[in-house]
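Input: a single structure, listed below in structure tokens.
Values in this text are rule-based calculations from the coordinates and carry no lab data. Source: prediction; values computed, not measured. No Cβ is skipped: glycine too gets one built from the backbone with ideal geometry, and neighbour counts run over all protein chains shown.
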Protein chains: 2
Amino acid sequence: MALVVQKYGGSSVADARSIKRVAKRIAEARRAGNDVVVVVSAMGDTTDELLDLAADISPKPPQREMDILLTAGERISMSLLAMAIDKLGVKAKSFTGQQAGLLTDAVHGKARIVDVVPHRIRQTLEKGQVAIVAGFQGVNTGNNDVTTLGRGGSDTTAVALAAGLDADVCEIYTDVDGIFTADPRIAPGARKIDKVTYEEMLELAASGAKVLALRAVEYARRYNVPVHVRSSFSGKPGTLVKGTHGDLIDPNASSEEQEEAAMEDPIISGVAHDRSEAKITIVGVPDTLGQAARIFEVVAAAGANIDMIVQNVSAAATGLTDISFTLPHGDIRSTVAALNAVKSELKFDDLQVDDEIGKVSLVGAGMKSHPGISARLFGALRDAGINIEMISTSEIRISVVTRADNLDDAVRAIHTAFELDSAEGEAVVYAGTGR
Amino acid sequence: MALVVQKYGGSSVADARSIKRVAKRIAEARRAGNDVVVVVSAMGDTTDELLDLAADISPKPPQREMDILLTAGERISMSLLAMAIDKLGVKAKSFTGQQAGLLTDAVHGKARIVDVVPHRIRQTLEKGQVAIVAGFQGVNTGNNDVTTLGRGGSDTTAVALAAGLDADVCEIYTDVDGIFTADPRIAPGARKIDKVTYEEMLELAASGAKVLALRAVEYARRYNVPVHVRSSFSGKPGTLVKGTHGDLIDPNASSEEQEEAAMEDPIISGVAHDRSEAKITIVGVPDTLGQAARIFEVVAAAGANIDMIVQNVSAAATGLTDISFTLPHGDIRSTVAALNAVKSELKFDDLQVDDEIGKVSLVGAGMKSHPGISARLFGALRDAGINIEMISTSEIRISVVTRADNLDDAVRAIHTAFELDSAEGEAVVYAGTGR
């Protein structure tokens with residue numbers, strides 16, 4: 001008997017039929033003897049409909065009221081799901097973020113979890129009942145106001161509850177079979193990854209893999225919560241996210257299992273891509289001490305989430321350099337405005353915005369200790385005739401910025417160069433999940 | 001400067017345009033220097049949509065989950081309304097029933113208010129902000145679960161908050177101009193009533209006038225809250241519900257005003273009608289001691305809300321009598337089943353169900369002390385060729401059951417007989433309100 005936290009996204013509970021299907025799976029998990037806690041997102045496009053309503057009312061509504069509005073979506077899905085489970089003869093109760101003890105700070109729209117106090121969830125489990133919890137929301141304990149967790153909020157709710165309840169596993173149900181070595185819509189030979197460490201998953205999520213929210217992975221890593229990403233449409237095992245490099249192996253497993261696990265431990269996990277960023281280049285910056293620091297102070301104050309930064313060597317003749325960085329499309333306007341406001345102070349010549357870029361990333365454990373990985377990647381792109389515009393690396397990742405037009409070709413070239421293509425060429429459907 | 005509680009029903013906030021219109025009215029009330037608390041229902045047909053969703057999931061969902069589901073509607077309307085007011089430059093904050101301190105018992109679906117502790121509402125008013133409160137809902141303090149108040153819940157929320165805040169007036173905004181002497185769709189000469197006592201309003205509401213919920217009137221009477229029923233589409237004064245018979249007159253008013261008020265005090269308030277009931281007749285009941293008590297024990301246990309009861313004099317030859325009572329259509333099935341289950345014990349011959357009845361009621365203060373009222377009413381029906389099937393009376397009301405087909409004619413005949421028709425024949429639109 002295990003304690004299982006299951007999370008279902010909006011596409012898994014899009015209508016009455018989907019809710020009944022999910023309820024059946026939950027009832028089966030309970031009947032198999034597990035303690036089951038379910039985290040649920042709003043139904044299908046409910047959130048978009050609520051956002052449209054708000055936009056009809058006010059271009060810039062107060063964030064506190066937006067949070068109240070948006071959390072209505074989970075109230076609907078969680079109560080309907082509890083009804084559907086009850087109809088199958090299994091007792092279920094639904095709880096808001098507040099009732100489930102998800103305590104947050106006061107930052108409406110992107111609150112951080114400060115504590116998880118799941119007394120009522122424990123009581124519900126002790127009675128043999130299934131607990132349904134609204135994803136994406138919490139309560140600001142200072143004033144009892146509802147807050148939302150922002151992007152990836154429901155995944156984070158699930159992992160935080162799993163940590164707070166010391167669950168055996170946190171299952172993230174989605175509309176794909178797990179994490180893949182690349183987006184199968186782009187690389188048809190992409191394979192499902194059976195196991196991946198927190199660190200690799202972090203790099204994959206940060207590099208554009210949308211199946212699991214970055215923030216939830218960070219939380220899972222900190223509290224050592226095993227996360228199982230799997231399909232709500234099939235019974236197949238998905239991708240298990242757990243452990244750090246070198247300890248993917250279960251210490252309680254037999255020596256045969258340990259050996260097999262170690263042998264299966266892949267050096268290269270997969271190829272992620274991201275179309276959501278643009279590039280800003282600050283042209284002709286005097287290459288003086290503290291100039292970069294001042295630039296990124298200004299950018300940070302504008303609220304932009306910077307990803308890659310590249311500074312060229314300054315031309316000796318002029319003492320001027322160019323600094324390029326990537327950031328989400330949505331942050332372009334405020335960032336350009338903030339930089340132009342201090343143009344005379346920073347003494348740069350020009351700002352260039354390029355929103356036609358793509359980023360491809362190769363992620364794998366122990367990448368730095370294997371010489372030749374970068375060379376093979378760059379070679380694959382060269383052979384495919386793809387120009388590299390920016391490069392950034394970490395211990396377990398190499399990212400490259402290309403023209404947006406070249407991104408799909410880049411994913412395929414790298415996926416093939418690192419022998420990730422499956423022999424069978426599994427036909428799978430891959431898609432991002434909602435919040 | 002007054003403290004005003006305003007309640008807007010679902011039809012007043014049916015879409016973004018309506019919400020903006022209501023917001024304007026609220027902002028004006030605030031700018032005029034009033035402290036404003038607003039109680040709001042769910043938008044238009046949101047509640048029906050949620051009920052449909054639940055029906056798709058389960059024929060008999062747990063009531064706790066139904067309450068969670070339905071309260072999503074007010075979350076949406078209250079946050080949108082707060083946004084719309086904020087956009088007009090007036091600060092507004094929305095609060096759930098729990099946050100507003102509406103404490104109830106644990107009866108999901110028809111909870112009773114046990115206390116009102118509106119700390120946060122007071123704090124909001126002290127900051128000069130408008131407080132928006134979700135109607136229809138409260139919190140069961142025993143376990144922090146959300147409850148709903150059932151039919152007429154939002155009116156009751158408004159009156160309860162007005163009582164708890166010691167407000168100067170509770171304004172119930174609706175889509176008609178106030179309480180009328182009859183339904184103007186049936187009696188075109190119906191006039192708006194300017195003032196009415198709690199007792200008369202209670203009888204009107206209990207007799208089928210749907211503009212103000214019976215329960216809210218009971219609450220207003222107990223806590224002496226002046227209620228102003230008025231249109232959200234016009235600035236015209238509506239109907240003021242306050243005082244008891246004989247003290248409609250403001251004791252602080254001048255003697256001229258007092259005299260005028262007394263002279264205006266109508267003996268007959270209006271004619272109400274009700275099509276929502278059916279009649280059950282228990283045929284051939286032995287006329288023995290305690291038989292009626294036993295019958296209505298059984299009926300009460302079936303959960304039926306009985307209205308009128310008539311027992312005929314028993315036929316001396318047989319010692320058998322017939323007992324008829326009226327009840328809501330929705331209670332017929334369970335009541336018939338309960339009675340048939342004890343048929344051998346009660347020894348009656350037959351049960352007859354008649355769902356083609358209508359009830360018309362004449363309501364007015366001091367009716368019993370004015371001889372001839374009943375005679376005039378029965379005479380008007382006779383002259384119109386309408387047969388009377390049951391009669392029931394109170395201090396300030398006479399109700400008569402007729403064939404459903406005759407109900408409109410009965411309303412017109414009585415309205416005319418008591419000279420309630422206006423000279424002008426105001427063209428008004430009359431309709432019931434939602435919850």
Among B:415, B:228, which comes first, second and so on when ranked by fewest other beta-carbon atoms within 10 Å? B:228, B:415
Summed residue charge, Cβ within 10 Å of residue B:272's Cβ, Lys/Arg positive, Asp/Glu negative: 0
What's the magnitude of the charge dipole for chain B around its Cα centre, counting Lys and Arg as +1 and Asp and Glu as -1 at the beta-carbon? Answer in Debye, nearest 20. 1420 debye
Stick to Cα atoms and the Kirkwood definition of Rh, then tell me Rg/Rh for the stretch A:3-262. 0.97
Rounded to the nearest angstrom and ordered from largest down, what semi-axes does the equivalent ellipsoid of the protein assembly as shown get from its C-alpha gyration tensor (root of 5λ)? 66, 34, 20
Expressed as a rounded percentage, what relative contact order does the stretch A:110-214 have, with Cα pairs under 8 Å and six or more residues apart? 21 percent
Which entries in the list B:20/B:91; A:195/A:279; B:24/B:210; A:60/B:20; A:20/A:93; A:279/A:359 go over 22 Å, if you measure between the two C-alpha atoms of each? A:195/A:279; B:24/B:210
Looking at the axis that maps chain A onto chain B, which chain A residue has the closest Cβ, and how far off is it in Å, rounded to a whole number? A:72, 2
What translational D, rounded to a whole number of µm²/s, comes out for chain A from Stokes-Einstein when the hydrodynamic radius is the Kirkwood one over Cα pairs, at 4 °C and 1.567 mPa s? 56 µm²/s
Report the antiparallel proportion of the DSSP beta bridges in chain A as a percent, rounded to a multiple of 5. 60 percent
Treating the beta-carbon of each Lys and Arg as +1 and of each Asp and Glu as -1, no other charges, what is the dipole magnitude of the stretch A:331-396 about its Cα centre, to the nearest 20 debye? 280 debye
Per residue of B:86-98, other chain Cβ atoms within 10 Å number on average 3
Before anything else, pin down the relative contact order of chain A: Cα pairs under 8 Å, at least 6 apart, normalised by residue count, whole percent. 16 percent
Residue mean of other protein chain beta carbons inside 10 Å, B:135-144: 1
Treating only the Cβ atoms of Lys and Arg (+1) and Asp and Glu (-1) as charged, compute the dipole magnitude of the protein assembly as shown about its Cα centre; round to the nearest 20 debye. 680 debye
Non-local residues with an amide H under 5 Å from the amide H of residue B:321, with H modelled 1.01 Å from N and Pro and chain starts lacking one, are B:284, B:285, B:287
Per-copy distances of the residue B:355 label point, shortest first, in nm (7 angstrom along Cα→Cβ): 6.0
Which distances, shortest first and in nm, link residue A:310 to the matching position in the other copies, using label points set 7 Å out along Cα to C-beta? 9.3
When B:13, A:298, B:211 are arranged by how many other beta-carbons sit within 10 Å of their Cβ, fewest first, they go A:298, B:211, B:13
Scoring the stretch A:3-262 by relative contact order with C-alpha pairs under 8 Å, at least six apart, yields a percentage of 19 percent
Inter-copy distances for residue B:117, label 7 Å out on the Cα-Cβ vector, sorted ascending, nm, one decimal, are 1.6
Could you sort the peptides B:150-158, A:392-400, B:107-115 by per-residue average Cβ neighbour count (10 Å cutoff), highest mean leading? B:150-158, A:392-400, B:107-115
Once you list every other residue whose beta carbon is under 9 Å from the beta carbon of residue A:403, what net charge do they have if Lys and Arg are +1 and Asp and Glu are -1? -3
Quick one: the Cα spread of the stretch B:34-105 along its three principal axes, in angstroms, biggest first? 46, 27, 13
Check residue B:132: other-chain or 5+ apart residues with amide H under 5 Å from its amide H, H built from backbone geometry? B:38, B:93, B:94, B:95
So what's the net charge close to residue A:138: Lys and Arg +1, Asp and Glu -1, counting the other residues with Cβ under 11 Å from its Cβ? -3
